[in-house]
Amino acid sequence: MKDLPSEILVQIFQYLTIQDCLRGVGRVCRRFQGLIEYTGEVWRTLETDVELSTEAFQSIMRHAKLIRKLGLRFSQKRLRYASPDMYIESYLACCVNVCWLDLSYNTSIISLAFLHSMHSLEYLNLHGCTSIDPINMMTCLNGCEGLRAIDITNCIQFEENHIPSLIDTFRVLTCLKMIRAFDINVSLTVENVRVILQTAKNIETFAITPAWGPPPAWVDLMREYDHIEFGEELQSQLDRVNLPNFLYEEEQGEFH
């Protein structure tokens, strides 16, 4: 191994998790430790489902400006309970070059103010991030002008009174190509979705939990925007109207 060029070793290290690099490979010898610590390529992508300690998190965040793709998934409660308020968020604000961010099921993050520092952000996954106040989420998202994909599935903190602001947020983000918002505790109507799609001209994927339509109204909308890939819950409306007696018994009165 000592004869291998550093460039080859760095390429190998990029296939390992950052935990393996820090706890294992970095302790093999001083050369390996130096390559991991000081080579930017190793830190461009960092994804973890592990509950990090404060020590591990600080070791990672020393390289915050080098990270381009960051996944800090699941609760991270170990880190939250051992740290001051907004500890995670303050470090995320240092990740100024991140363009891909996955925080799915991270219930320790309570504010998205750090997004204002991520000017290159294009992909954001907030699936199951239930601790973020909806108003804070929408306010901070409004500044993400280059955002191309957003997932807020299972963000059950949303309520009916948040729908107008949510629609406005989707309309402001004119670069969006993908919206995923399944099971967010509120349902968008045909009229809501039409308003979004009339403004968000670049949408290619639109996946939500729909409100009562009835089904033919959703089908008309999907045919009008047939260049868009609609999620499975909307697609189910199309499947229903192709069947005889497609209305459920409890829906009969609402349709007529």
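The values are calculated or read from the model by the stated rules, or taken from the named source; none is laboratory data. Values in this document were obtained by computation on a predicted structure and should not be read as measured data. Note: ideal-geometry Cβ built from the backbone for every residue, glycine included; neighbour counts use all protein chains shown.
Details
- Residue list for the stretch 21-45, filter: hydroxyl-bearing (Ser, Thr, Tyr) and part of a helix (DSSP H, G or I): 38
- Enumeration of residues in the stretch 76-99 that are assigned to a helix (DSSP H, G or I) and of a type in the set (A, V, I, L, M, F, W, C): 79, 88, 92
- Extreme residue, modelled with the highest pLDDT, among residues of the stretch 33-51 that are crowded, with 20+ Cβ neighbours inside 10 Å and of a type in the set (A, V, I, L, M): 46
- Every test in (1) more than 22 Å from residue 214 (Cα to Cα); (2) in contact with a Leu (Cβ under 9 Å, 6 or more places away or on another chain); (3) of a type in the set (Gly, Ala, Ser) is passed by residue 120 save one, and that test is (2).
- Residue within the stretch 173-191 that is in contact with a Gly (Cβ under 6 Å, 6 or more places away or on another chain), farther than 21 Å from residue 128 by Cα, touching a residue at least 12 places away in the same chain (Cβ under 8 Å) and not aromatic (Phe, Trp, Tyr) present: yes
- Every residue from the stretch 81-99 that is out of contact with any Asp or Glu (no Cβ under 7 Å at 6 or more places or on another chain), under 20 Å from residue 147 (Cβ atoms) and not small (Gly, Ala, Ser): 89, 92, 94, 95, 96, 97, 98
- Filtered residues of the stretch 54-86 (kept if among the hydroxyl-bearing types (Ser, Thr, Tyr), under 19 Å from residue 105 (Cβ atoms) and touching a helix residue (DSSP H, G or I) at 6+ places or on another chain (Cβ under 7 Å)): 83
Let's see how each residue does on (1) at pLDDT below 95; (2) over 22 Å from residue 178 (Cβ atoms):
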{"residue": "66", "(1), (2)": "yes, yes"}
{"residue": "80", "(1), (2)": "yes, yes"}
{"residue": "87", "(1), (2)": "no, yes"}
{"residue": "98", "(1), (2)": "no, no"}
{"residue": "103", "(1), (2)": "no, no"}
{"residue": "126", "(1), (2)": "no, no"}
{"residue": "140", "(1), (2)": "no, no"}
{"residue": "149", "(1), (2)": "no, no"}
{"residue": "158", "(1), (2)": "no, no"}
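- For the stretch 84-127, a tally of residues being among the small types (Gly, Ala, Ser) and buried (at least 17 other Cβ atoms within 10 Å of the Cβ) returns 3.
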